[in-house]
Protein chains: 2
Amino acid sequence: MDRPTFGHLTPELTPLFTDTYELRMMQAYYNQDHNPRATFSLFFRDLPPNRGYMVTAGLEQALHYVENISFDERAIEYLAEQGFDEAFLEHLADLEFTGEVRALPEGTPVFANEPMLEVTAPILQAQLLETAVINQIGYQTLIATKASRMRDVIDREGDDQGLVDFGSRRAHGTDAGIKAARAAYVGGFDATSNVAAGELFDLPISGTMAHSWVQSFEDERDAFETFVAEHGEDAILLIDTYDTVRGAEIARDVAEETGVDVRGVRLDSGDLAALSQAVAEVAPDLDQFISSGIDEYAIRDFFERDGVGVGFGPGTALVTSTDAPKIEAVYKLVAVERDGELKPTMKLSTGKVTYPGQKRVRRLEDGGAYAGDVVGLRGEELPGEEQLVTVVEDGERVVDLPDLEAIRERARERRHKLPYEHRRIEDPEPYEVTISDGLQAETEGLRERLEREVSG
Amino acid sequence: MDRPTFGHLTPELTPLFTDTYELRMMQAYYNQDHNPRATFSLFFRDLPPNRGYMVTAGLEQALHYVENISFDERAIEYLAEQGFDEAFLEHLADLEFTGEVRALPEGTPVFANEPMLEVTAPILQAQLLETAVINQIGYQTLIATKASRMRDVIDREGDDQGLVDFGSRRAHGTDAGIKAARAAYVGGFDATSNVAAGELFDLPISGTMAHSWVQSFEDERDAFETFVAEHGEDAILLIDTYDTVRGAEIARDVAEETGVDVRGVRLDSGDLAALSQAVAEVAPDLDQFISSGIDEYAIRDFFERDGVGVGFGPGTALVTSTDAPKIEAVYKLVAVERDGELKPTMKLSTGKVTYPGQKRVRRLEDGGAYAGDVVGLRGEELPGEEQLVTVVEDGERVVDLPDLEAIRERARERRHKLPYEHRRIEDPEPYEVTISDGLQAETEGLRERLEREVSG
């Protein structure tokens, strides 16, 4: 079958990257002439296991989707085939986003029940966005967090070791491979192996050699000599194809005999801490780069066992966030227009309660360290620094988003302001997030009214 | 920043979805005039936890990448900026795949150490493919397997309940959202909520309503009536926004009063088995669709506790394969041309040994059930049915791939041929995969020779 698998669609740009029920509701909103303004809030109810904080990422891509909604001919034709109404589809063909978006800037520590994105628009527009914005912000936030945890272990226990994303092959699809590289950079990585991500986001790219290079030659020495002849001082020689310590000796001899000050060697199997010490014995002048099964726990253990290395290449564990592969972010209706006014709303579903109304998020500081957050109603007087920023008004971008370097620096600074007990990679202390008096009163009042209505 | 996040690139189509080291090796192969024919094998060394088998998927997308390699001007320009050589880039601009691909057809049960893909081509070409083919086949195989486990629980303990993929929002990026829908269909799902996936792969799409629909109306009755007015017998009413049993009563009343035989109701929170029984009491004529935290374990528990439902909507657990979010598939050099002949090769890295040489995979049957596999050398005489198929020769497709319906049917049939003890969702019995005498002798001979060389 020679059908192109994406065809003319770039999935990130197609408004069809949405759930069927959004379009079914949208048609009903349209046909039933029920299109009140509404506010949806994107947040998570619980931190994943062993996470004391998350680091926001993916806003740029989410906004790109919001601002570029365009149902083209092929999309409209497909929806017509699926039985959607002609009048509704004509409306869709002209649809664009005219609302407001407030958001936590990328690189911000975020906790449970804090809106990462708040969208206010006619419900027909706002509803459509759910699937794509959760997808982009949820995944990148998961990976920026995983990366931040690794960088943090190095900051505390290491010696400024480099971190390079090696995960593309094990990412869940191509978009994940590319976005993981971006999110990892936000979280404190230095480079990626993914060339497409390097091109798209202007990230430093980095690469060494594979076992196949070594195996494709008669012997290891021949393989190393040929690679050094080609790449000179840029060469990093992979030494574990046959025997790691013997490989290190050959790498050292090749560097000495050719007179090329090669960049170093890579270890990719076995007891990495012990082997790195053995390699340092026989080849003390060669920098060691460590890969295979690397995550924040492995890096901590490597340091605890006095491993020797100048850089790590995490792969699978980074891009799948293996120990916590999901963040159950949701996009919930929190306010809806009634009699011309936005009124707070909530659902009561067991274990899935949502705080009603448009919000603000305030962060308190004490001696330069974060000392707790307050989530309150948008109009409420509250102490602390406001975290939510208005990024789109009347469908137009009203702020320039920072570039990736600035986002990465923001993530670094703010991570260091979060007291260490909340950053521990195991059993972190919960950070205090207070629900304001105003929001509590609103929540309880609304709950009582709804429960009265349901039982009445 | 208004830079398009994908730009003109469809990442699945760009040859830049590769690791930097592939291109660095390729340049060295080219400049050093070292471009032997080589065979790479894609396989995994261990089944993920609680998996007794995996179901192959993603071959169509992997072949699409292989057959459409094309370094366009923008890609070449980027690589030039990164310091790659002009002569090499000229070579890249004309690069196309001229080799052979053998593969396990999609929908085939596969076990550790069995090649899912075997690529033979000049090493410069074959090397490039590594990242993309692992990415596509690895992820879809993970998800087809997860889906197959859910379908299998229903086949054994259920009543032919429907399975609809609800996972797009929690997938790792957009490509995963779309490919998960495809892979889930291979594994036995009936439909997806993802509209883009429906359009691309001609999958049935399905959707109900969200809590936001209910909340956007004055009360639940108004919300249900309006939805039924719009969607009639297609309507599935979400009943847990305020109180599930009360919601069911309202849904029942709306159906009775309007005379519309609605499709049913959806439960999305709480103790689903218990609530579904309570709903069946008050609204016995309404079919129940169950979502929230659904996976194979939840489905089994739902049946064990006599839950009532005609369909399930798994989301996060399906698309992230939460209990086993990674399959460590690799793409390893197993043979390389020396003196004009393809010679088996292997690496000795601790815990990462690879069986050398081109392979065949034979499957034995006993009374219609699978009775063990044999992995041997390509030319070796072996019993059983051959599983690997040649799909590309001299760069040209030599077989038509089956359509998704046929792949899904293949997966179903073959799953049922695998004895149940290997399909258990917890602690499955290991399925026997024998390494043939020929392959064992080859492996041992090569290992001895390599170890002698290393120590010598």
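The values are calculated or read from the model by the stated rules, or taken from the named source; none is laboratory data. In this text, all values refer to a predicted model and were calculated from it rather than measured experimentally. Reconstructed Cβ throughout: ideal geometry from the backbone, glycine too, with neighbour counts over all protein chains shown.
Values computed for the structure shown
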read-out: Of all residues making up region B:384-405, the number that are free of Cβ contacts under 8 Å to residues at least 24 places away in the same chain and assigned to a helix (DSSP H, G or I); value: 1
read-out: Residue match in region A:217-227 (condition: in contact with a Leu (Cβ under 8 Å, 6 or more places away or on another chain) and either of a type in the set (Gly, Ala, Ser) or within 10 Å of another protein chain (Cβ to nearest Cβ) (or both)); value: yes
read-out: Strands (runs of 3 or more DSSP E) wholly inside region A:311-383 that include at least 3 residues being of a type in the set (D, E, K, R), within 24 Å of the chain's Cα centre (by Cα) and away from chain B (no Cβ under 14 Å); value: A:359-366
read-out: Options B:Thr208, B:Thr244, B:Thr258: the member that is among the polar types (S, T, N, Q), farther than 18 Å from A:Glu451 by Cα and free of Cβ contacts under 8 Å to residues at least 40 places away in the same chain; value: B:Thr258
read-out: Which listed residue, of A:Thr120, A:Thr131, is polar (S, T, N, Q), within 29 Å of B:Phe224 (Cβ to Cβ) and more than 10 Å from chain B (Cβ to nearest Cβ); value: A:Thr120
read-out: Failed criterion for B:Arg452 (all others in (1) surrounded by fewer than 17 Cβ atoms within 10 Å (Cβ to Cβ); (2) in a helix (DSSP H, G or I); (3) at pLDDT 95 or above hold); value: (3)
read-out: Residues that are surrounded by fewer than 20 Cβ atoms within 10 Å (Cβ to Cβ), touching a residue at least 24 places away in the same chain (Cβ under 8 Å) and farther than 17 Å from A:Gln161 by Cα, drawn from region A:270-280; value: A:Gly270, A:Ala274, A:Ala278
read-out: Which listed residue is at pLDDT 95 or above, in the same structural domain as B:Thr120 (by TED's automatic domain parsing), on the phi > 0 side of the Ramachandran plot and surrounded by 14 or more Cβ atoms within 10 Å (Cβ to Cβ), from B:Gly376, B:Gly367, B:Gly384; value: B:Gly384
read-out: Residue check for B:Val66: buried (at least 16 other Cβ atoms within 10 Å of the Cβ) and more than 13 Å from chain A (Cβ to nearest Cβ); value: no
read-out: Only listed residue being more than 28 Å from A:Gly232 (Cβ to Cβ) and of a type in the set (A, V, I, L, M, F, W, C), chosen from B:Ala87, B:Ala103; value: B:Ala103
read-out: All strands (runs of 3 or more DSSP E) inside region B:99-178 with 3 or more residues being under 25 Å from B:Leu377 (Cβ atoms); value: B:100-103, B:117-122
read-out: The one condition in (1) at pLDDT 95 or above; (2) surrounded by fewer than 21 Cβ atoms within 10 Å (Cβ to Cβ); (3) under 29 Å from A:Lys146 (Cβ atoms) that A:Lys332 fails to fulfil; value: (2)
read-out: Residues satisfying the stated conditions in region B:283-303, i.e. buried (at least 17 other Cβ atoms within 10 Å of the Cβ) and outside any loop (DSSP other than H, G, I, E, B); value: B:Gln288, B:Phe289, B:Ile290, B:Ser291, B:Glu296, B:Tyr297, B:Ala298, B:Ile299, B:Arg300, B:Phe302, B:Phe303
read-out: Residues that are in a helix (DSSP H, G or I) and either among the hydrophobic types (A, V, I, L, M, F, W, C) or within 23 Å of A:His64 (Cα to Cα) (or both), drawn from region B:179-189; value: B:Lys179, B:Ala180, B:Ala181, B:Ala183, B:Ala184, B:Val186
read-out: Residues located in region A:170-209, provided they are touching a strand residue (DSSP E or B) at 6+ places or on another chain (Cβ under 7 Å) and either modelled with pLDDT under 95 or within 7 Å of chain B (Cβ to nearest Cβ) (or both); value: A:Gly177, A:Ile178, A:Ser193, A:Asn194, A:Val195, A:Gly198, A:Ile205, A:Ser206, A:Gly207, A:Thr208, A:Met209
read-out: Hits in region A:305-325 - residues which are surrounded by fewer than 21 Cβ atoms within 10 Å (Cβ to Cβ) and either among the charged types (D, E, K, R) or more than 21 Å from A:Glu426 (Cβ to Cβ) (or both); value: A:Arg305, A:Asp306, A:Val308, A:Val310, A:Asp323
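Per-residue answers, yes or no, for (1) touching a Phe, Trp or Tyr at 6+ places or on another chain (Cβ under 9 Å); (2) more than 24 Å from B:Met54 (Cβ to Cβ):
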residue: B:Gly187; (1), (2): no, no
residue: B:Ala191; (1), (2): yes, no
residue: B:Val195; (1), (2): yes, yes
residue: B:His211; (1), (2): no, yes
residue: B:Val214; (1), (2): yes, yes
residue: B:Glu218; (1), (2): no, yes
residue: B:Asp234; (1), (2): no, yes
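Conditions (1) farther than 17 Å from A:Thr14 by Cα; (2) in contact (Cβ under 8 Å) with a residue 24 or more places away in the chain; (3) in contact with a strand residue (DSSP E or B) (Cβ under 9 Å, 6 or more places away or on another chain); (4) surrounded by 24 or more Cβ atoms within 10 Å (Cβ to Cβ), marked per residue:
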position: A:Ala80; (1), (2), (3), (4): no, no, no, no
position: A:Leu89; (1), (2), (3), (4): no, no, no, no
position: A:Val101; (1), (2), (3), (4): yes, yes, yes, yes
position: A:Ala112; (1), (2), (3), (4): yes, yes, yes, no
